[in-house]
Amino acid sequence: MTTHYPIRKSGPFRVAPNLADHDKARAAFQWADIERELDWLPNGGLNIAHEAIDRHVLRGNGQKVAMRWEGKNGEREDVTFEQFRRETNKFADVLRSLGVAKGERVFTFMERLPEIYHAVFGTLKAGCIAGPLFSAFGPDPVRDRLDYSGATVLVTQPELRKKVEHILPALPNLKHVIVVNKNGRSKEPLAKGDLDYDALMAKANQSFVPLTTSRDDYSIMHFTSGTTGKPKGAAHRHNSVIQQYATGKWCLDLHPDDIYWCTADPGWVTGTSYGMIAPWTNGVTQVIYEGGFSARKWYEIIQRYKVTVWYTAPTAIRMLMKSGAALPKSHDLSSLRFIASVGEPLNPEAVMWGLEAFGMGIHDNWWQTETGAIMIANYASMDIRPGSMGRPIPGVEVGIIDGKGNEVPTGEEGDLAVKAGWPSMFRTYWNDEERYRSRFLGDWYITGDRARKDKDGYFWFIGRADDVINSSGHLIGPFEVESVLIEHPAVAEAGVIGKPDPIAMEVVKAFVSLKDGHEPTEQLRHELMRFARSKLAAATAPREIEFVKSLPKTRSGKIMRRLLKARELGLPEGDTSTLEDD
Ligand code: AMP
């Protein structure tokens, strides 16, 4: 008989009343128990799309609604698991008919339309690697990611295609651009050489037989930022579904009759692992809202669709807090049963505000692009410890270590690390195995975060170990922003840091030195802001630019962002002995 880790409050599962029982159950846990709940393909094959969609149809749940979509103009569409199965088969057949082979990278640059979900899961059924891009990106991040992954297919929408049209000819690997003109919203003709999504799908075979992939075949690639260089593509395998499915139950408390809403964009890892894979492998109905943030609209969505489980982010919660507790109280939000948050530290005030506004605390959990799924969580069956990320899930070992890979004493700060080998662990950074290897110290995968563990095994986030900026839960590599700024003819050098912000946690601040002959005027500052925004995305472009005569650098010429940040915050500047001589 399958045994379950007892961390659910409701349903046919035991509840562990205290931490000692949790630990006993943790020790007895084996991933094989979860693996048995999935539908493996012949010869031990595993495919995320099969587990998320076809499995439910085969088990007689084809008429259940998988997706309840609401467009930004108020359009509505429901998609059953059976329709979802057919649409994804068709998209896989489209790829086959275009000659796209197993392992090729198929990227989407789209808003949250039903078609992005059809394209991503169709890509997986065709044995290709899906790469969802954030729709708010400007041309430079899109070019870098398509180029770096060697993507051969791009699925996009007319208005987004327009935003990046000038970079497309410079991508030699890109063979096909497929355009989704949702409900004929665009009246412009298709650009020369582009393919019309609807026309391709109309001819495609809905009985396409999905490829049998293995658990080790690549599935999804998400880009993530480091301190140096451009963002790297963290490549995941179909095996990740095991942990995404399990954590959907354990950490989001998903039950078959839930109505679930994840507010993350599919361009970020939460939007795929928990905006696609976890809910649908658990067979739940998912609400998808195409539009952006608006407190009133969000409460309306919860009320209209009777959302029961809601997964969102601290910045969004802080923005909701700003709009007050009267607004949620003027809506019927009684359907809500469980709220979780990820992406940044969730401050205790936000956890407590959940009690005031929704009558329930907000469950923080921690993970990152490379981990592929939730690793640490405040579970449904344990008391929330406000301000803490929670405790590690069963089947993974998390530690706080020093620079030599030894665990530090309880309560002390160190590097947050995970013992390699969890099911949803990324397998490489695309074409950069060396960088991948550099993330490990012995058996430990080094997450890049600093944290501490308390005596009850709860983990507390302290900060990033590197210069990566976290703005509204989106990681931003300073190098990517600096590279864009120095493309401007007036800019000699740029150094970029994260400046603390009460809502977004951090915003991007740039220090810029100018080339001779350019004056640091207000007009130039605005021009630089506009310039950066047109190339990046509003969320990643600098919110503030400060002109400086020169930037502090190491003797080897590296900009000392640490020092820029210390100066910005009025903190001690630390060891400056490696600074260049003036
Ligand atoms: P990403 O890879 O873009 O998903 O970003 C992952 C990073 O976001 C982590 O390495 C942390 O720095 C931060 N992060 C994610 N979840 C949390 C959390 N619950 N508390 C604090 N920081 C978090």
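On the full set of protein chains, 1.4 Å probe, figure out the accessible area of Tyr305 and give it in Å² to the nearest 10.
10
From Cα pairs below 8 angstrom and at least 6 apart in sequence, can you work out the relative contact order of the stretch 67-117, rounded to a whole percent? Kindly include the intermediate steps, with their values, before the conclusion.
Details: 20 pairs, mean separation 15.8, N = 51.
Relative contact order for the stretch 67-117 comes out at 31 percent.
Heavy-atom accessible area per residue, the chain, 1.4 Å probe: how many Å²? Mind dumping the intermediate values first?
Working: 22910 Å² over 582 residues.
Roughly 39 Å² per residue, with all protein chains present.
Apply 1/(1 + (r/R0)^6) to the Cβ-Cβ distance of Lys404 and Arg59, taking R0 = 51 Å, and write down the FRET efficiency to the nearest 0.05.
Numbers: r = 50 Å, r/R0 = 0.98.
The value I calculate is 0.55.
Just need the Rg to Rh number for the stretch 51-101, please, alpha carbons only, Kirkwood Rh. If you can, show how the numbers build up before the last one.
On the way: Rg = 13.3 Å, Rh = 12.1 Å.
Rounded to two decimals, Rg over Rh is 1.09.
What are the residues whose amide H is under 5 Å from the amide H of Ile259, where those residues sit 5 or more places off or on another chain and H is modelled from the backbone?
Distant-sequence amide H within range of Ile259: Thr308, Val309.
Show me, for the stretch 282-290, the HN-Hα J-couplings you get by feeding each phi into the Karplus relation (A = 6.51, B = -1.76, C = 1.60, θ = phi - 60°), rounded to Hz, glycine and proline as x.
8, x, 8, 7, 10, 8, 10, 10, 6
Please express the Cα-Cα pair-distance distribution P(r) of the stretch 69-185 as a list of whole percents, one per 5 Å bin, running from 0 to the bin with the greatest distance.
Bins of 5 Å from zero give 2, 12, 23, 24, 20, 13, 6, 1 percent of pairs.
Grab the Cα-Cα distance for Ile486 and Lys455, subtract it from 0.36 nm times how many residues apart they are, and report the gain in nm with one decimal. Walk me through the numbers on the way to the answer.
Values: separation 31, 0.36 × 31 = 11.16 nm, distance 4.79 nm.
Between Ile486 and Lys455, full extension yields 6.4 nm more.
Quick one: order Asp198, Asp93 from most to least accessible surface, probe 1.4 Å.
Asp198, Asp93
Separation between the Lys297 and Met529 pseudo-spin-labels, each 7 Å from Cα along Cα→Cβ, expressed in nm?
That separation, rounded to one decimal, is 2.3 nm.
Pull out the extension gain between Asp383 and Ala538, defined as 0.36 nm times the separation in residues minus the alpha carbon to alpha carbon distance; nm, one decimal. Walk me through the numbers before you get to the answer.
Numbers: separation 155, 0.36 × 155 = 55.80 nm, distance 3.78 nm.
My answer for the length gained is 52.0 nm.
Suppose each label sits 7 Å from its Cα in the direction of the beta carbon; what would the Glu546-Ser323 distance come out to in nanometres?
For the pair Glu546/Ser323, the computed spacing is 3.4 nm.
Hey, with R₀ at 60 Å, roughly what FRET efficiency would Asp432 and Ser330 work out to, going by the Cβ-Cβ distance, to 0.05? Intermediate results must be reported in sequence, preceding the final value.
Details: r = 51 Å, r/R0 = 0.85.
Computed FRET efficiency for Asp432 and Ser330: 0.75.
If you find the alpha carbon centre of the stretch 68-107 and of the stretch 144-165, how far apart are they in angstrom?
That distance is 17 Å.
Could you tell me the center-to-center distance, by alpha carbons, between the stretch 445-489 and the stretch 325-362 in angstrom?
26
Amide H to amide H, which residues 5 or more places from Ala492 or on other chains are under 5 Å from it, using H placed in the peptide plane?
Under 5 Å from the amide H of Ala492 lie the amide H atoms of Ser513, Leu514, Lys515, each far enough along the sequence or on another chain.
State log₁₀ I(q)/I(0) for the stretch 271-320 at q = 0.25, 0.29, 0.31 Å⁻¹ as given by the Debye formula over alpha-carbon point scatterers of equal weight, solvent excluded.
Result of the Debye calculation: -1.14, -1.31, -1.34.
If I compute solvent accessible area with a 1.4 Å probe over the protein chains, what percent of it on the chain is carbon and sulfur?
Working: 11550 of 22910 Å².
The C+S portion of the solvent-accessible surface of the chain is 50 percent.
Positive end of the dipole of the chain, charges at C-beta (+1 Lys, Arg; -1 Asp, Glu), about the Cα centre: which of Trp310, His488, Tyr379 has its Cα farthest in that direction?
Value: Trp310.
Would you mind working out the magnitude of the charge dipole of the chain relative to its Cα centre, with +1 at each Lys and Arg C-beta and -1 at each Asp and Glu C-beta, to the nearest 20 Debye? Spell out each step's value before the answer.
On the way: 73 positive and 75 negative charges, 220 e Å.
In total the dipole reaches around 1060 debye.
Calculated from DSSP H runs of 4 or more alone, at -39500 (n - 2.57) each and per residue, what is the 222 nm mean residue ellipticity of the chain, nearest 500? Intermediate values should be presented prior to the final figure.
Numbers: 19 runs with 162 residues, N = 582.
Helices in the chain give a 222 nm mean residue ellipticity of -7500 deg cm²/dmol.
Multiplying the sequence separation of Asn173 and Leu441 by 0.36 nm and subtracting their Cα-Cα distance, what value in nm do you get?
Values: separation 268, 0.36 × 268 = 96.48 nm, distance 3.51 nm.
Additional length available on full extension: 93.0 nm.
What base-10 log of the normalised intensity I(q)/I(0) is obtained for the stretch 19-453 from the Debye formula, alpha carbons as equal point scatterers, at q = 0.09, 0.14 Å⁻¹?
With one equal scatterer per Cα and no solvent, log10 I(q)/I(0) is -0.55, -1.40.
Using modelled backbone amide H atoms (1.01 Å from N, in-plane), which distant-in-sequence or interchain residues come within less than 5 Å of Phe440's amide H?
Those lying under 5 Å, H to H, from Phe440 are Ile446.
Between Lys558 and Ser214, how high is the FRET efficiency from 1/(1 + (r/R0)^6) when r is the Cβ-Cβ distance and R₀ = 56 Å? Nearest 0.05.
Details: r = 42 Å, r/R0 = 0.75.
For Lys558 and Ser214, the calculated efficiency is 0.85.
Structure shown: which of Lys249/Lys565; Lys162/Lys203; Lys297/Lys499; Lys24/Lys232 lie over 31 Å apart, alpha-carbon to alpha-carbon? It would help to have the intermediate numbers written out before the result.
Details: Lys249/Lys565 40 Å; Lys162/Lys203 26 Å; Lys297/Lys499 29 Å; Lys24/Lys232 39 Å.
In this structure, Lys249/Lys565; Lys24/Lys232 lie more than 31 Å apart at Cα.
The values are calculated or read from the model by the stated rules, or taken from the named source; none is laboratory data. All values derive from a computational prediction rather than experimental measurement. Every residue, glycine as well, gets a Cβ built from its backbone with ideal geometry; the counts of neighbours run over all protein chains shown. Note: areas computed on protein heavy atoms with side chains; ligands, DNA, RNA excluded. Shrake-Rupley method; radii C 1.70, N 1.55, O 1.52, S 1.80 Å.
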